[in-house]
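**Q** Sharing a structure here in structure tokens format.
Coordinate-derived values only; no laboratory data. Just so you know, these numbers come straight off a predicted model, no measurement behind them. Here the Cβ is made from the backbone with ideal geometry for all residues, glycine too, and neighbour counts use every protein chain on show.
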Amino acid sequence: MDDQLYPPYTNPGSEGYRQRILPLRQRMEVYNGWLRKRLETLLPRLMDECGIEMWLVVAREYNEDPVIMSLLPAPNLYARRRTILVFHRKPDKVDRLAVYRYGFGDFYEGVWDPAKEEQYECLARIIRERSPRNVGIDVSETWSFGDGLTHGEYTQLEDALGDLSGKLVSAETLCVRWLETRIPEELETYPTLVELTHAIVQEAFSSKLITPGVTTTDDLQWWMRQRMLDLGVEMWFPATVDLQGHGDSYDAKEKRILIRRGDLLHCDIGFYYLGLATDVQQNAYVLKPGETDAPQGLKDALTDANRLQDHHAGAMKTGRTGNEVLRLTLENSKRESINPSVYSHPIGVHGHAAGPPVGLWDQQEGVPGRGDHPLHPDTCYAVELNARRPVPEWGGQEVRMSLEQDAWWTGEERVNMAGREKRLHRVS
């Protein structure tokens, strides 16, 4: 469950990854190669698994279905005007059709001539001619990822189909399974993205950038944000940095931002690249004069947080739901007198991605609906959690040690992509 499937690496700092960030044209080639393989090999299996014979994805420009951008080849950025994709499962393949004005090369067969019929008229004709057993549409009361069909588009679809509307079924599970499942090529590349995230953290949490008594947490988080932009990756949330120090309450409304010696620093950072997201939290200690390491109490808190991650890994099992993983993780941790909070989430096409959440920070009893989704092989998770512990060197003050590590669930074990933080970064 540690890092056995990926070899160890020496982090060269974020600049060492610059040449590994591809130019836009090469990114397109890689991304589209992945998309083609996903459409040809993954989608047929998932349509069979979910019992969907025909799947419709309908979206309008600037009001995109959460799924559609994962289905369009680069460099498309929007669903121009109205985009309708049709996937029809045949015995030996999935026909991919576009009821769309502009076309997508050979990714989708264009089937609409605007001079001859209206767009929804064309769609209704295709469905009548192909006569599928059912037609999956993106409507859901549980998943935002499966609820991308707007009310306006739904009413137009229903009007166009008439008596065929009885074939419409929810494709919510197919949406989630498509978004959460990674192919081997994506899994081979993903660790490099996580390594780069670690490299940015390592650089930020160093004396290269931090001068105690001068540098603020705001300085560091803006440096992280700018660094991602300069390296050519896109942040999916604003990177944050906060601190805890002797005499500071983590839960205080007004928090100190000036970094001092003896502070515990914490960051949260993630970006998008090649259609995949990262999300990492790590911690650093700012050494006092004469110190060579953090106080034992802070190191013990990090040990608790890592042990909590161990229990999280031990609770994961294919077919087990996110809520079951949460319950087992908390139960096993508390038996060891760890004070845990778990709020892990799937990661992939989105940052807070499709798949089973393992708790929310304010729902430690479980997440109804979404948390009842089972774990599947070849899915990825940001294992996000914290453990609280009193620190004797700080007069028994409670410290919250937060960790977040991106990991791959192989179906048999959880593999941490690019390792995890078992020792605090130290700032001299």
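**Q** Given Lys288/Lys334; Lys334/Lys422; Lys299/Lys334, which pairs have Cα atoms separated by over 22 Å?
**A** Over 22 Å Cα-Cα: Lys288/Lys334.
**Q** Taking neighbour counts of Cβ atoms within 10 Å as a proxy for exposure, in what order, fewest first, do Met54, Met69 appear?
**A** Met69, Met54
**Q** Quick check on segment 272-314: what does the Kirkwood estimate of hydrodynamic radius come out to from the alpha carbon pairs, in Å?
**A** Taking every pair of different Cα atoms in segment 272-314, averaging 1/r and inverting gives 13.1 Å.
**Q** Beta carbons within 10 angstrom, averaged per residue: use that to sort the peptides 366-372, 349-355, highest first.
**A** With the highest mean Cβ count within 10 Å placed first, the list reads 349-355, 366-372.
**Q** If you place +1 on the Cβ of every Lys and Arg and -1 on the Cβ of every Asp and Glu, how big does the dipole about the Cα centre of segment 102-259 come out, in debye to the nearest 20?
**A** 380 debye
**Q** Now for a different question. For segment 53-170, compute Rh as the Kirkwood radius over C-alpha pairs and then the Stokes-Einstein diffusion coefficient at 20 °C and 1.002 mPa s; write the answer in µm²/s, rounded to an integer.
**A** 148 µm²/s
**Q** Normalised by the empirical 2.2 N^0.38 Å for globular proteins, what value does the Cα Rg of the chain take? Mind showing how you got there, number by number?
**A** On the way: Rg = 24.0 Å, N = 428, 2.2 N^0.38 = 22.0 Å.
Here the answer is 1.09, to two decimals.
**Q** Rule-of-thumb check for segment 112-172: C-alpha Rg over 2.2 N^0.38 Å?
**A** So the Cα radius of gyration is 1.17 times the expected 2.2 N^0.38 Å.
**Q** Looking only at Cα atoms, what is the convex hull volume of segment 271-416 per residue, in Å³?
**A** 116 Å³
**Q** OK, next. Sort Tyr78, Tyr102 by Cβ crowding within 10 Å, fewest neighbours at the top.
**A** Numbers: Tyr78 15, Tyr102 10.
So the ranking, lowest neighbour count to highest, is Tyr102, Tyr78.
**Q** Once Rh for segment 272-357 is found with the Kirkwood sum over Cα pairs, what is the Stokes-Einstein diffusion coefficient at 10 °C and 1.306 mPa s, in µm²/s?
**A** Details: Rh = 15.2 Å.
It comes out at roughly 105 µm²/s.
**Q** Which whole-percent values make up P(r) of segment 184-427 when all C-alpha to C-alpha distances are grouped in 5 Å steps starting at zero?
**A** 1, 7, 14, 18, 19, 17, 13, 8, 3, 1, 0
**Q** Farthest toward the dipole's positive end in the chain, which of Leu193, Pro114, Phe87, given Cβ charges of +1 (Lys, Arg) and -1 (Asp, Glu) about the Cα centre?
**A** Leu193
**Q** About the Cα centre of the chain, what is the dipole size in debye to 20, counting +1 per Lys and Arg Cβ and -1 per Asp and Glu Cβ, all else neutral?
**A** 600 debye
**Q** For all pairs of alpha-carbon atoms in segment 210-294, what percent lies in each bin of width 10 Å, listed from the first bin to the last filled one?
**A** With a bin width of 10 Å, the distribution comes to 17, 43, 28, 11, 1.
**Q** What order do you get for Arg125, Arg327, Arg20 when you list them from fewest to most C-beta neighbours inside 10 Å?
**A** Going from sparsest to densest Cβ surroundings: Arg20, Arg125, Arg327.
**Q** Angle check, please: helix 151-161 long axis (alpha carbons) against the longest principal axis of the chain (alpha carbons), in degrees 0 to 90, nearest 10.
**A** Taking the Cα atoms of the chain, the angle to 151-161 is about 30 degrees.
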